[in-house]
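Visitor: What follows is a single structure, and I will ask about it in a moment.
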Amino acid sequence: MAKQFKEQGGIATMDPSALFRWLSSKVIGRIISPQRLAKRRQKFEKQRRANGEKYLVEYFHQVDDGYSHLAAQVLEPLRQRYDIELRCYLVTGPSGDNRVEPELLSNLSRYDASCIAPHYGLAAPAGDPVTSGSLKSSSSQPLRPEAIAQAQGVMAAILLEPSRAADVAKLISVVSSALYSADSAALASLADQYGCASAEQQQQCIAAGNDRRTALKHYSGGMFYCAEEWYWGVDRLHYLETRLAEAGVDRQPDQPLLMPRLAVEPGIHRDNGSLTLEIYPSLRSPYTAVVFEQTLKLAETTGVKLVVRPVLPMVMRGVPATREKGMYIFTDTAREARSAGVAFGNFYDPIGNPVRNCYSLYPWACEQGLGNQLIASFLSCAFAQGINTNNHRGLKKVVEQAGLDWSVAKTLIGQPGWEDILENNRLAMYEAGLWGVPSFRLLNQQGESVLALWGQDRLWLVAREIERQLTLDSAS
């Protein structure tokens with residue numbers, strides 16, 4: 001068992017002391033509180049107005065990242081729409097302990113970008129537009145290393161030429177479009193027109209971008225930074241747009257946002273059992289806490305068969321988590337929860353024994369028909385109610401809120417048998433090309449994958465794909 005975990009993740013090692021668990025929970029809760037956010041924004045806005053400064057939006061472009069390709073297409077429209085200063089950098093992907101499953105991430109970025117691009121009115125990476133299918137059979141083809149190098153050289157040359165500063169946003173999009181449409185002739189023409197920075201110049205340009213990103217305490221590409229807050233790709237751009245609009249720098253306040261929030265909206269059709277929706281949750285995932293009950297509701301509303309396949313938290317699989325990554329995830333989840341109207345933020349870290357103890361009760365809860373309720377109750381207690389699940393008093397609340405009998409549950413805590421269930425789920429998740437939580441997979445009546453995606457912010461796409469599949473079935 002331990003050997004299997006170590007092959008792709010490692011065994012659980014994170015068991016904080018009671019004091020550290022309490023202290024870290026309090027610190028995170030304070031950092032993500034809406035009151036603290038409001039005070040920070042007020043302070044920033046006061047200083048900005050006093051200094052007569054524009055909003056500075058800094059964008060970090062990763063050439064070989066599908067999400068950056070989508071973000072690049074919005075740079076010029078963003079600059080035109082809002083009275084801002086836009087500054088662009090070239091960066092590499094995550095490195096060190098932030099570099100988790102790089103090959104899977106590269107594949108996912110192209111596939112996921114292809115899936116969501118049509119819904120945002122953007123151009124997808126090369127290949128037929130992907131609206132369904134499995135990640136592993138995505139029609140979006142990998143980028144050629146020589147094309148990546150050439151595109152990176154052209155972008156670096158553009159960024160290093162001061163006279164082109166006003167055109168940087170537009171030109172990054174043009175170069176990215178040539179790269180992701182696999183148009184080698186167009187890429188060569190751009191290199192002739194704008195030049196191609198030397199390898200040394202490219203390294204210097206990227207090092208400057210990486211250094212700036214590190215100084216601002218982030219690790220990923222496709223990111224926007226403005227007014228002490230981070231916004232990931234087109235998915236989070238609506239938060240930035242809303243903030244800019246509230247500050248009075250929207251030149252077209254009567255127009256819809258460039259990249260609006262896409263809501264989870266079930267369609268008009270109801271399934272008769274032809275579709276199966278799998279969700280891979282974890283008991284220590286903030287994003288899972290936000291979306292789990294929404295997923296249960298979507299399945300109930302649409303009639304699809306729901307299969308819940310819990311896995312161990314990533315850090316309990318030996319996947320490292322840096323402080324920068326942890327802080328971004330919690331602050332991002334907090335605003336996602338607020339937007340979705342989901343209770344979140346009164347946090348008491350359940351890492352380690354609380355997770356194991358709850359999972360040890362999971363097979364029994366499933367026998368009672370209350371497995372989903374146990375997961376939902378645990379997530380609510382840990383992420384919304386601030387209950388310490390590391391003792392019997394807290395776990396009793398979890399169990400009873402799920403409608404289970406504590407007098408029976410307390411005799412079953414720590415029983416084996418759950419480990420193999422979770423490991424099989426993890427292997428299935430990896431087989432689908434996924435590794436993080438929560439992940440979703442939609443299967444047709446033949447058991448074939450028609451959609452496989454990672455992230456609570458993809459439930460809207462799952463809902464749309466369910467409706468698309470049901471519409472096709474009704475028409476046939």
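Visitor: Out of segment 270-280, which residues are surrounded by 17 or more Cβ atoms within 10 Å (Cβ to Cβ) and part of a loop (DSSP other than H, G, I, E, B)? Talk me through it step by step, then tell me what you get.
Guide: So in segment 270-280, the residues surrounded by 17 or more Cβ atoms within 10 Å (Cβ to Cβ) come out as 271, 275-280.
Answer for segment 270-280, where residues must be surrounded by 17 or more Cβ atoms within 10 Å (Cβ to Cβ) and part of a loop (DSSP other than H, G, I, E, B): 271, 275.
Visitor: Among the listed residues 325, 297, identify the single one that is surrounded by fewer than 19 Cβ atoms within 10 Å (Cβ to Cβ), basic (Lys, Arg), modelled with pLDDT of 95 or more and part of a helix (DSSP H, G or I).
Guide: 297 is the lone residue from the list that is surrounded by fewer than 19 Cβ atoms within 10 Å (Cβ to Cβ), basic (Lys, Arg), modelled with pLDDT of 95 or more and part of a helix (DSSP H, G or I).
Visitor: Name the residues in segment 300-322 that are in contact with a strand residue (DSSP E or B) (Cβ under 9 Å, 6 or more places away or on another chain), among the β-branched types (Val, Ile, Thr) and part of a loop (DSSP other than H, G, I, E, B), would you?
Guide: Across segment 300-322, the qualifying residues are 304, 311.
Visitor: Where in segment 365-473 are there helices (runs of 4 or more DSSP H), lying fully within it, with 3 or more residues that are modelled with pLDDT of 95 or more and of a type in the set (S, T, N, Q)?
Guide: 371-383
Visitor: Give the residue, chosen from 304, 234, 264, that is buried (at least 22 other Cβ atoms within 10 Å of the Cβ) and not assigned by TED's automatic domain parsing to the domain that holds residue 453.
Guide: Answer to the selection: 234.
Visitor: In this structure, does residue 260 turn out to be over 24 Å from the mean Cα position of the chain (by Cα), part of a loop (DSSP other than H, G, I, E, B) and within 30 Å of residue 45 (Cβ to Cβ)?
Guide: Working: over 24 Å from the mean Cα position of the chain (by Cα): no; part of a loop (DSSP other than H, G, I, E, B): yes; within 30 Å of residue 45 (Cβ to Cβ): yes.
Here the answer is no, as residue 260 does not meet what is asked.
Visitor: Of the residues that make up segment 284-294, is at least one under 22 Å from residue 336 (Cα atoms), among the basic types (Lys, Arg) and touching a residue at least 12 places away in the same chain (Cβ under 8 Å)?
Guide: Yes, there is a match, as at least one residue in segment 284-294 is under 22 Å from residue 336 (Cα atoms), among the basic types (Lys, Arg) and touching a residue at least 12 places away in the same chain (Cβ under 8 Å).
Visitor: Inside segment 198-249, can you point out the residues that are of a type in the set (S, T, N, Q), within 26 Å of residue 157 (Cα to Cα) and not in a loop (DSSP other than H, G, I, E, B)?
Guide: Of segment 198-249, the ones of a type in the set (S, T, N, Q) are 198, 201-204, 210, 214, 220, 242.
Retained after the next criterion (residues that are within 26 Å of residue 157 (Cα to Cα)): 198, 201-204, 210, 214, 220.
Result: 201, 202, 203, 204, 210, 214.
The values are calculated or read from the model by the stated rules, or taken from the named source; none is laboratory data. Source: prediction; values computed, not measured. Virtual Cβ from ideal backbone geometry, glycine too; neighbours counted across all protein chains shown.
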